[in-house]
């Protein structure tokens with residue numbers, strides 16, 4: 001425990017924070033509700049020692065990204081954009097194509113949009129592991145299963 005010179009504000013120490021691993025099954029979950037809860041865990045807002053400028057969050061493994069759902073007509077209308085940096089280099093890809101080719105990028109983009117736009121967000125995104133199917137290579141970390149609410153209604 002580290003206090004500032006006025007002994008008012010608590011700042012967590014890096015060695016004192018124990019990182020946990022969470023496993024989330026994205027089958028039949030709504031993308032936005034899943035992404036908000038994942039970003040909440042990545043930032044560490046569920047801990048008492050949360051500090052906005054400090055990485056105090058946990059690791060998150062998301063499996064079955066291929067089975068995530070969208071509400072309304074977003075499955076037909078949603079388009080992902082990226083730019084190469086050159087003139088005329090705007091690329092677009094529909095949700096159906098993204099889900100068929102790279103379903104893990106759908107969750108990564110949603111969570112990235114909900115994190116703060118600073119250097120810390122890139123570090124937090126490295127703690128997110130997304131897999132299209134049920135098998136993952138993190139059994140050695142002994143992740144705890146986290147039941148996420150907010151399924152399709």
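Bear in mind that the values in this text are calculations on the coordinates, not laboratory data. All values reported here derive from a predicted model rather than from experimental measurement. With ideal geometry, Cβ positions are generated from the backbone for all residues, glycine too; neighbour counts draw on all protein chains shown.
Structure values in brief
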{"read-out": "Region 74-131-region 5-46 distance, computed between alpha-carbon centres (Å)", "value": "21 Å"}
{"read-out": "0 to 90° range, to nearest 10: angle between helix 31-43 axis and the chain longest Cα axis", "value": "20 degrees"}
{"read-out": "Candidates 44, 89, 57: whichever shows maximal mean-square fluctuation once the chain is modelled as a Gaussian network with Cα springs under 10 Å", "value": "89"}
{"read-out": "Listed peptides 91-104, 71-84 by packing density, highest first (mean Cβ within 10 Å)", "value": "91-104, 71-84"}
{"read-out": "Residue with peak Gaussian network fluctuation, the chain [Cα springs, cutoff 10 Å], from 87, 105, 33", "value": "87"}
{"read-out": "Computed over the chain, Kirkwood Rh from alpha-carbon pairs, angstrom", "value": "17.1 Å"}
{"read-out": "Folded to 0 to 90 degrees: helix 103-114 orientation relative to the chain principal axis, Cα", "value": "50 degrees"}
{"read-out": "Share antiparallel - DSSP beta bridges, the chain, percent rounded to 5", "value": "40 percent"}
{"read-out": "Debye-sum result for region 64-128 in log10 I(q)/I(0), which assumes one identical scatterer on each alpha carbon, at q = 0.17, 0.28, 0.29 Å⁻¹", "value": "-0.74, -1.19, -1.20"}
{"read-out": "Ranked 144, 18, criterion: other C-beta atoms within 10 Å, fewest first", "value": "18, 144"}
{"read-out": "Long-range Cα-Cα pairs in region 16-59 (distance over 17 Å), rounded percent", "value": "34 percent"}
